[in-house]
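Written out below as structure tokens is the structure these notes cover.
Just so you know, all these numbers are worked out from the coordinates, no wet-lab data involved. Computed from a prediction, not measured in an experiment: that's the story for all the values here. Neighbour counts run over all protein chains shown; Cβ positions are idealised from the backbone, glycine included.
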Amino acid sequence: MHHPNVLEVRGLQVELHIGKETVPLLKPLDLTLGKGQVLGLVGESGSGKSMTCHAILRLLNLQNMRVEGSVRLNGRELSALRAEDMRRVRGKDIGFIMQNPMNAFTPVYTIGSQFIETLRTHSKISKSQAKEQAVAALADMNLPDPGRIMKCYPHQLSGGMLQRVMIAISMCLQPSLLIADEPTTALDVVNQLQVLRELERLRREKGTSILLISHDLGVICQLADEVAVMKKGEVVEQAGVHELFDRPQHEYTRMLLQARLRARKDA
């Protein structure tokens, strides 16, 4: 059965329990993402953006946290899955690119060995096939000398390069959904543009849907079709990207837009 929406989030909420007290961290949230669509989730730090993506990925430490609501990927309810099934979903069906790409790699293994291992975990291919795919994917990212990059250790590459290695892995695995959590925050403008361009190519060539999380509306507006604005754990406004920029409804959205215009004037 083909499902029209890749991601459907309904009533997702996170509460923290401290003794008898309940602190709502994420108010009930609804998000829908169609195939090949980019949804931008924007808000200042602490607004609940990262918590939303960790809740979708089921990566929250649950001891005194309660997560409720429904998260469906291609019609399949994720909150009901066993932990090991969810782990499989996290690599193959949902890709994840984080703000500090160093955390995604093991420091003591080369980029090549980690790339090959990841591909072979998720598809039945030989080591040499995986190596071929990895080198081709790195070359497609316009990374210089892919053969040399395969032999490098993570600390030998810049943040922008590591981000593009992560996108190259997604190009090979072709997840239906990619969650990019502040992927350009630590990068200079040139690297930001390159990473955004490669994310756009992933959407165009593989039909991947992208949940792009950023505090920067400028980044969001380059890639997103639709934008959800978060403040203090809730979505205060959601609209198409042009509508949001031309006719923001919520004062908080207007404030974010003005802050961005000021930043551009100062630059």
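Would you list LEU16, LEU29 from fewest to most Cβ contacts within 10 Å?
Final ranking by Cβ density, sparse to dense: LEU16, LEU29.
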Each label sits 7 Å from Cα toward the beta-carbon; between ARG201 and THR121 the label points are separated, in nm, by 2.5 nm
How long is the gain from LEU261 to GLU132 if the chain were fully straight, where each residue apart is worth 0.36 nm and the alpha carbon distance is subtracted? 41.9 nm
Average the reciprocal distances over every distinct pair of alpha-carbons in the stretch 5-266, invert the result, and give the Kirkwood radius in Å. 19.2 Å
PRE reach from SER70 (point 7 Å along Cα→Cβ): which of the stretch 1-30 fall under 12 Å by backbone N? 8-12
Please give, to one decimal in nm, the separation of the simple spin-label points placed at PHE245 and LYS27, each 7 Å out from Cα toward the Cβ. 2.8 nm
Compute the long axis of helix 111-122 from its Cα atoms, compare it with the longest principal axis of the Cα atoms of the chain, and write down the angle in degrees, 0 to 90, nearest 10. 70 degrees
7 Å from Cα along Cα→Cβ at both LEU62 and LYS20: what's the point-to-point distance in nm? 2.7 nm
Listing SER209, SER70 by rising number of other beta-carbon atoms within 10 angstrom, fewest first, gives SER70, SER209
Tell me, what ³J(HN,Hα) does each residue in the stretch 154-163 have, in order and in whole Hz, if you take phi through Karplus 6.51 cos²θ - 1.76 cosθ + 1.60 with θ = phi - 60° and put x for Gly and Pro? x, 5, 7, 10, 6, x, x, 5, 4, 4
Distance between the stretch 6-23 and the stretch 50-109 - C-alpha centres, whole angstrom: 15 Å
Rounding to the nearest 10 and keeping the result within 0 to 90°, find how far the Cα-based axis of helix 189-206 lies from the longest principal axis of the chain. 80 degrees
Return the whole-Å distance between the Cα centroid of the stretch 205-232 and the Cα centroid of the stretch 111-131. 30 Å
Sorted by Cβ density within 10 Å, fewest first, the residues LEU212, LEU143: LEU143, LEU212
Provide the per-residue ³J(HN,Hα) series for the stretch 222-231, in order, calculated from phi with Karplus coefficients 6.51, -1.76, 1.60 and θ = phi - 60°, each as a whole number of Hz, with x at glycine and proline positions. 6, 10, 7, 8, 9, 10, 10, 9, 10, 9
